[in-house]
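Trainee: I'd like to ask you about the structure that follows.
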4 protein chains.
Amino acid sequence: MTDLERVRSALREQRIETPSWAYANSGTRFKVFTQPGVPRTAYEKIDDAAQVHKFTGVAPTVALHIPWDRVDDYADLADHARAQGVGLGAINSNVFQDDDYKLGSVTNPDPGIRRKAIGHLLECVDIMDQTGSADLKLWFSDGLNYPGQDNLRARQDRMAEALHEVYDRLGEHQRMLLEYKLFEPAFYATDVPDWGTAYAHCLELGPKAQVVIDTGHHAPGTNIEFIVAFLLRAGKLGAFDFNSRFYADDDLMVGAADPFQLFRIMHEIVLGDALSPSAGIAFMLDQCHNIEPKIPAIIRSVLNVQEATAKALLVDTDALATAQRDGDVLAANAILMDAYNTDVRPLLAELRADMGLDPDPSAAYKRSGYGERIVRERVGGEAAGWGA
Amino acid sequence: MTDLERVRSALREQRIETPSWAYANSGTRFKVFTQPGVPRTAYEKIDDAAQVHKFTGVAPTVALHIPWDRVDDYADLADHARAQGVGLGAINSNVFQDDDYKLGSVTNPDPGIRRKAIGHLLECVDIMDQTGSADLKLWFSDGLNYPGQDNLRARQDRMAEALHEVYDRLGEHQRMLLEYKLFEPAFYATDVPDWGTAYAHCLELGPKAQVVIDTGHHAPGTNIEFIVAFLLRAGKLGAFDFNSRFYADDDLMVGAADPFQLFRIMHEIVLGDALSPSAGIAFMLDQCHNIEPKIPAIIRSVLNVQEATAKALLVDTDALATAQRDGDVLAANAILMDAYNTDVRPLLAELRADMGLDPDPSAAYKRSGYGERIVRERVGGEAAGWGA
Amino acid sequence: MTDLERVRSALREQRIETPSWAYANSGTRFKVFTQPGVPRTAYEKIDDAAQVHKFTGVAPTVALHIPWDRVDDYADLADHARAQGVGLGAINSNVFQDDDYKLGSVTNPDPGIRRKAIGHLLECVDIMDQTGSADLKLWFSDGLNYPGQDNLRARQDRMAEALHEVYDRLGEHQRMLLEYKLFEPAFYATDVPDWGTAYAHCLELGPKAQVVIDTGHHAPGTNIEFIVAFLLRAGKLGAFDFNSRFYADDDLMVGAADPFQLFRIMHEIVLGDALSPSAGIAFMLDQCHNIEPKIPAIIRSVLNVQEATAKALLVDTDALATAQRDGDVLAANAILMDAYNTDVRPLLAELRADMGLDPDPSAAYKRSGYGERIVRERVGGEAAGWGA
Amino acid sequence: MTDLERVRSALREQRIETPSWAYANSGTRFKVFTQPGVPRTAYEKIDDAAQVHKFTGVAPTVALHIPWDRVDDYADLADHARAQGVGLGAINSNVFQDDDYKLGSVTNPDPGIRRKAIGHLLECVDIMDQTGSADLKLWFSDGLNYPGQDNLRARQDRMAEALHEVYDRLGEHQRMLLEYKLFEPAFYATDVPDWGTAYAHCLELGPKAQVVIDTGHHAPGTNIEFIVAFLLRAGKLGAFDFNSRFYADDDLMVGAADPFQLFRIMHEIVLGDALSPSAGIAFMLDQCHNIEPKIPAIIRSVLNVQEATAKALLVDTDALATAQRDGDVLAANAILMDAYNTDVRPLLAELRADMGLDPDPSAAYKRSGYGERIVRERVGGEAAGWGA
């Protein structure tokens, strides 16, 4: 296989999961600007996700968020997805929107509330059994706004206890993906604030627990690709939540703020032989399209990941290894930059044509009239948002 | 007048303005946790603010937010306030919550939307005429989420144009207070992101335009007291929005995150002879009490400002100036720290007793039963929040 | 003129100034790793800079640093430069390396030290008269390590006084470029910490005072291209010190850390019609090549600026303005990204061939043998560094 | 034992280790301002450290830095220390100042250089055998300035290999303390950048490997006391390097930048029962006194740690636990702040009197004339700095 064939083959089998909630309304604490045509049900979110896959060819699954995507019959929802050409992906739990969770969920000082939160997590595993999802994604908003508000260490004990109970409930082919986040909505201390905390818990739990890297969840100055490389080496990288940020957890389209960073991350993925679905890393988007139309923004995000991946695959790793071994700083950096500076859009257009897709997914989607159709048809009912 | 008399006298005339919206529900984009007893109208917000003044003695005015506090008869609202022992303070405009403002208000590329936004600002001046408020506080959420989204420079032209029109409408004893903010809700670029931008606009506008420092609106590593000193020197410091933050614009109780920073800010105020109401600096709170009870949290915030001020007043400025002139780094720092390390709570308790107040405002408020009463009485109607 | 001709013409007249000190040894507080072949005199620095111009064709001037580049006869140094095909550029003052400056230079509490520092700045203008340099670049390390160490406001008075005296000494065609920096070497407060402070001083001084943007001197999260756009609008942008940084003032090769940011900056320059030498903006490098060979790193940096500029010139500004006017967020962003994602290396290679240069400056320099020659010849004497 | 007796007893047995290099000259990359009277030898550094202990009573050991403190006869050095009333503490290795280490020490791509670096670390254990030191403190400057410069993952393999070899060499009562640091001198990636990395390596190594928290080595927004609590819970906190910072690794006097943070850290220490020497946590200073006199600054730092500790000991932990259990956010925070706002200087003055010390160590040191004496006596020779 020539190098270019290897690149194409890798791109062809790349898989990016889109999140159901990115198709719904979102905003900031100041305002949610609603958009016309936004889905009202989990079924409609899946319809929209199917469009993204139809035009990009690399987004065959949709992540669900419980309770936002709660339905009576998950098997039926899975059937619906299949009929649209996509599948259901990770189940995302939500223990941050009930009034009970004001002071935390699984780390709440009140044992009754902890019990309720754990119950929800276990329910999510039940749902996985029905949807056939392999991944339970856990993000906890738990934390403190004020010094002294609660005992930091006791909260870790409670976190460990909850995680253990849920871990023990996982089926043979299911795993737990633990996300970390520096801050927001808790401002003073977050109970899983960084990769080290997530890693330590996952290590204690066992092989079915792995870390999720959300690219927007780090302190300024953090080298994210270092974390990627470290977790890959330790066998503890489970998934990505891709998005981009300038300052905080902005949840902008991935690759929009720092495309070079995205490339460096994908470079570590390629180096670590972790791109192929067989490596078991879930590449998911987790974004909010507050002011731009949802479906086109998600298509753009998928293309951004593809472009960064293509560039990463083009790195001349043999030459790079040689320059690194020789301590030739400038040559090593130049080899990396050569790949980054390549315009990979023609290569991807060609690949899409080979796959029977339109070479320009954004334009093809626009021409399809789907956007206008949903605006016309989705009238009445309540547009989905973060609350439903 | 002895030194201690000078300190007491300064503390006695200190004035802190509380914001009507801090008494209402607030939260993050993830969840607004509602609280029982929260006001439903501007009148009830003023009732709550009056409690804060009743127990602290230094919070005699309430800032309003339009349209959240829109009433039919502002003179009646002012009468109501007076009857409760407080007055109406600054009028805060709001050009960030209409659907039209998705891409900006006064800097929106659409001239019709700019016109609407300017119209609202002019309406706020009308309201000032009715309430007798001297200060128009302007905060703009205007900005961009994505590079290229709009023309940065053209937006400055539009900003300048809007500010000029509003400036020209100000009455003789009215002024415009221009706030800046690093980020949020816009993530890539904000149209008034830093004090330099606010200062440049205010300078161009004239003497009735001054800068507002919100202590939570800076990039990490920013020395806020430097900005205080610089703006005082330039005669362009108009007001503070006090709150505290660990990472972003957390809007926690002022003094909660970094009490030493608050002290350093008040030290510059004292050095610049800017504490007295006659200096014309408005000291306002701008906070969100997402998980703690509102009125007690605001009382605590007022006390925090008082304590920082008392410490600042205790700095031995003569000795400090001498040590500074001598280049004695350790002595100068030690003189400052001596004041900071002093426990000023006894001094403040005594002052309150002199003023006919309970020495412990938090305990006195608790004993008053007001908190329980509003929970009992404020049933039905819609609790106020950021939307109303 | 077709669009591509316009792009080529703009690139052909682009001018990038390299700094004499970047050819010398540098390092961190932990270690300066010396390199063989490093210049020992100002003359040898100019020889190296001439190599960068010889191979890139766009780096015709060298900035000097006084006293590091002090010579007996500046006219002779200028002659030497001319003979090598380059010219002398900005004069950079240095008031941070004498023992006297421990607590500051022009803002020092000691008037004698302030006088000495101002004397040095005036001497730099004398040198400009001899070298024919038009630009005096001022960077002050002045600041405080500890709260209370000195009076922040008094230091601004001293700063203003010193700047005024130097400003008054400037000749008709000379200007003052004032740099700002967030922190380092002062840790608590810096006397010119941000663009707002530099701008305010420059405004007060007059038209011959302008602001320098060093791309590594900002707090995290700062939008540098906003500052570019703002200062261009105000007519107060004088120069750039290009370099790149991941966390602090890393002084890495420009474009190495965030090439997209560099592109966004150049986009504002192009939009503001400020690229041409006639616009009067000085585009300078200010970097430290601590671990990589100096001349090749500077060539690489020049190429990085060229590539970012070429991309910025390729932005379809008409289409962009239309999308912005229409509020089409995704289209506007896509137009910008189209240019960024273009591989401009072929265009630049062609341009160089047209200019009679080797299309690959890095390879051509390598082949030239200059690097080996200076290692062989520059033995004995003392390698230049930040101290000399 | 009453509560106050418990507080006094804890303060009486507190131990703070001072670093030999803090007595020597230091600076930034811009300038090292030398001070008169600075020690010229390891013996003189110990003399100075003995003064700090003499006046504070809680600083009985001195950390050494190899090779800066290399002597012919370590037993003799230990004798000298004992004669001055102090002991030798941790041995700090140095693999960042040889020219060989330009691209790294234990992670260098060159196996010969790795071998040399490991050799130095093993030599440090040999020295520990001679000095009787129990702690080997490892800080690695290893990292990259440019993306692509070396393979991030391979460097972790090399790091693990080196640590293992050194770990295996440790004696029965010796341990390895592994420090992490976000950035500097490497700017793009550091091989042990955060607590997670240090923790993961220590966990793999075994019980004799523990993490060092340097309070200046974190990204902005990092909650350090969370890390303290987490590592205590995991039994992996080995030591502190105390100092303070406003932006980067400023190495200012501990408690100077954010005294409330220092208090919160000590609060976690007290809660975790980790203050007593028997808990095995080494409390060390690691600071640079670039512009202030060394010995007085170190005395001030020791007092700052003592004051923060006293406040932490005064927290009413029973009441705190109750308020936390009740979810009373304001009460819990108020209980913590009550302790912080207490002026503990009288308590500490009394304690010192009880211990036979002057109640005011700074004044007593000043009166002692030691400062003037060393200026007089230490003439000739070479003042110690980071290079020696």
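Trainee: How well do other chains shield peptide C:92-100, expressed as the mean number of their Cβ atoms within 10 Å of each residue Cβ?
Mentor: Numbers: counts 0, 0, 1, 0, 3, 4, 2, 5, 1.
The per-residue average across the peptide is 2.
Trainee: For D:338-345, what's the mean count of beta carbons from other chains sitting within 10 Å of each residue's beta carbon? Kindly include the intermediate steps, with their values, before the conclusion.
Mentor: Numbers: counts 2, 1, 3, 8, 3, 6, 2, 4.
For peptide D:338-345, the averaged partner shielding equals 4.
Trainee: Which residues, if any, in segment D:1-42 have at least 40 Å² less accessible area in the whole protein complex than in the isolated chain, probe 1.4 Å?
Mentor: D:Thr28, D:Arg29, D:Phe30, D:Lys31, D:Phe33
Trainee: Continuing with this model, one more query. So if I average 1/r over every pair of distinct C-alpha atoms in segment D:14-314 and take the inverse, what Kirkwood radius in Å does that give?
Mentor: Details: mean 1/r = 0.0516 Å⁻¹.
Result for segment D:14-314, one decimal place: 19.4 Å.
Trainee: Give me the percent of the accessible area of chain C that comes from carbon and sulfur atoms, probe 1.4 Å, all protein chains in place.
Mentor: Values: 5970 of 12200 Å².
Carbon-and-sulfur percentage of accessible area, whole number: 49.
Trainee: For the protein assembly as shown, what does the helix formula give at 222 nm: sum of -39500 (n - 2.57) over DSSP H segments with n ≥ 4, over the residue count, nearest 500 deg cm²/dmol?
Mentor: Details: 56 runs with 714 residues, N = 1552.
Roughly -14500 deg cm²/dmol at 222 nm, from the helical runs in the protein assembly as shown.
Trainee: Continuing with the same structure: Dipole size in debye (nearest 20) for the protein assembly as shown around its Cα centre, Lys and Arg Cβ +1, Asp and Glu Cβ -1?
Mentor: Dipole of the protein assembly as shown, to the nearest 20 debye: 0 debye.
Trainee: Here's something else I'd like to know. Do any residues of segment C:143-159 show a loss of at least 30 square angstrom of accessible area between the isolated chain and the full protein assembly, using a 1.4 Å probe, and if so which?
Mentor: C:Asn145, C:Tyr146, C:Pro147, C:Gly148, C:Gln149, C:Asn151, C:Leu152, C:Arg153, C:Gln156
Trainee: May I have the convex hull volume per residue, in Å³, for the Cα set of segment D:27-75? Mind dumping the intermediate values first?
Mentor: Numbers: hull volume 5.7 nm³, N = 49.
Per residue, the Cα convex hull of segment D:27-75 comes to 116 Å³.
Trainee: Checking buried surface per residue: for segment C:106-126, which residues lose a minimum of 10 Å² accessible area in the protein assembly relative to the chain alone (1.4 Å probe)?
Mentor: Buried by the other chains: C:Pro109.
Trainee: How big is the D-C contact in terms of buried accessible area, both chains counted, 1.4 Å probe, rounded to the nearest 100 Å²?
Mentor: Details: alone 17160 and 17140 Å², together 30200 Å².
Chains D and C together bury approximately 4100 Å².
Trainee: Show C:Arg70, D:Arg345, B:Arg373, A:Arg352 ordered by accessible area, largest first, where the area counts protein heavy atoms only and the probe is 1.4 Å.
Mentor: Details: C:Arg70 125, D:Arg345 65, B:Arg373 95, A:Arg352 15 Å².
From most exposed to least exposed: C:Arg70, B:Arg373, D:Arg345, A:Arg352.
Trainee: About its Cα centre, what dipole magnitude does chain D give when the only charges are +1 on Lys and Arg Cβ and -1 on Asp and Glu Cβ, stated in debye to the nearest 20?
Mentor: For chain D, the charge dipole is close to 460 debye.
Trainee: I would also like to ask the following. Return the tail of the calculated pair distribution for segment B:29-167, meaning the percent of Cα-Cα pairs more than 22 Å apart. Before the final figure, lay out the partial values.
Mentor: On the way: 4640 of 9591 pairs.
In whole percent, the long-distance tail amounts to 48.
Trainee: Separate question: Rolling a 1.4 Å sphere over the protein heavy atoms, what is the accessible area per residue of segment D:14-314, to the nearest Å²? Mind dumping the intermediate values first?
Mentor: Values: 7610 Å² over 301 residues.
Here the residues of segment D:14-314 average 25 Å² of exposed surface.
Trainee: Something else: Any lysines with Cα under 23 Å of the A:Lys311 Cα? List them, leaving off those in the same chain fewer than 8 positions away.
Mentor: C:Lys311
Trainee: Working with all protein chains in place, sort D:Thr61, D:Thr34 by solvent-accessible area computed with a 1.4 Å probe, largest first. Mind dumping the intermediate values first?
Mentor: On the way: D:Thr61 40, D:Thr34 85 Å².
Sorted descending by solvent-accessible area, the residues read D:Thr34, D:Thr61.
Trainee: List, in the order given, every pair from A:Lys181/C:Lys181; C:Lys31/C:Lys366; A:Lys137/A:Lys181; A:Lys236/D:Lys116; A:Lys31/A:Lys294 whose Cα-Cα distance in the structure shown is over 22 Å.
Mentor: Details: A:Lys181/C:Lys181 30 Å; C:Lys31/C:Lys366 27 Å; A:Lys137/A:Lys181 13 Å; A:Lys236/D:Lys116 32 Å; A:Lys31/A:Lys294 17 Å.
Violating the 22 Å Cα-Cα cut-off are A:Lys181/C:Lys181; C:Lys31/C:Lys366; A:Lys236/D:Lys116.
Trainee: Also, I was wondering about something else. So how far, in whole Å, is the C-alpha centre of segment B:82-153 from the one of segment C:172-199?
Mentor: About 33 Å separates the Cα centre of segment B:82-153 from the one of segment C:172-199.
Trainee: Still on this model: Can you compute the modelled spin-label distance between A:Ser9 and D:His173, with each label point 7 Å from Cα toward Cβ, in nm?
Mentor: Each label point is offset 7 Å from its Cα along the Cβ direction, giving 6.2 nm.
Trainee: In a shell of Cβ-Cβ distance under 12 Å around A:Val7, excluding A:Val7 itself, what net charge do Lys and Arg (+1) and Asp and Glu (-1) give? Intermediate results must be reported in sequence, preceding the final value.
Mentor: Numbers: positive: A:Arg6, A:Arg8, A:Arg12, A:Lys311; negative: A:Asp3, A:Glu5, A:Glu13, A:Asp316, A:Glu350.
Taking every Cβ under 12 Å from that of A:Val7, the sum is -1.
Trainee: What is the average number of partner chain Cβ atoms found within 10 Å of a Cβ in C:254-266?
Mentor: Details: counts 0, 2, 9, 8, 5, 7, 8, 4, 0, 2, 5, 0, 0.
Mean shielding count: 4.
Trainee: Related question: List the aspartates and glutamates whose Cα lies under 14 Å from the Cα of D:Lys54, skipping any in the same chain that are fewer than 8 positions away.
Mentor: Within the straight-line limit of under 14 Å, D:Lys54 reaches these aspartates and glutamates: D:Glu17, D:Asp358, D:Asp360.
Trainee: Still on this structure, please answer the following. Report the dimensions of segment B:194-243 along its three principal axes from the alpha-carbon atoms, largest first, rounded to Å.
Mentor: Each principal axis gives a Cα extent; for segment B:194-243 these are 30, 17, 16 Å.
Trainee: Distances from D:Glu350 to the same position in the other copies: list them in nm, one decimal, shortest first, using label points 7 Å from Cα along Cα→Cβ.
Mentor: 2.0, 8.4, 8.5
Trainee: The protein assembly as shown: percent of C-alpha pairs farther apart than 71 Å?
Mentor: Details: 38676 of 1203576 pairs.
Summing the P(r) tail past 71 Å for the protein assembly as shown gives 3 percent.
Trainee: Kindly identify segment A:251-349 as rounded, prolate or oblate by the Cα gyration tensor criterion: order the square roots of the eigenvalues as a ≥ b ≥ c, call it rounded if a/c is under 1.5, otherwise compare a/b with b/c, prolate if a/b is larger, else oblate. Working shown, then result.
Mentor: Numbers: a/c = 2.34, a/b = 1.88, b/c = 1.24.
In terms of gyration-tensor shape, prolate.
The values are calculated or read from the model by the stated rules, or taken from the named source; none is laboratory data. Quantities reported herein were computed from a predicted structural model and do not represent experimental measurements. No Cβ is skipped: glycine too gets one built from the backbone with ideal geometry, and neighbour counts run over all protein chains shown. Surface areas here come from the heavy atoms of the whole protein model, side chains and all, with no ligands, DNA or RNA. Shrake-Rupley method; radii C 1.70, N 1.55, O 1.52, S 1.80 Å.
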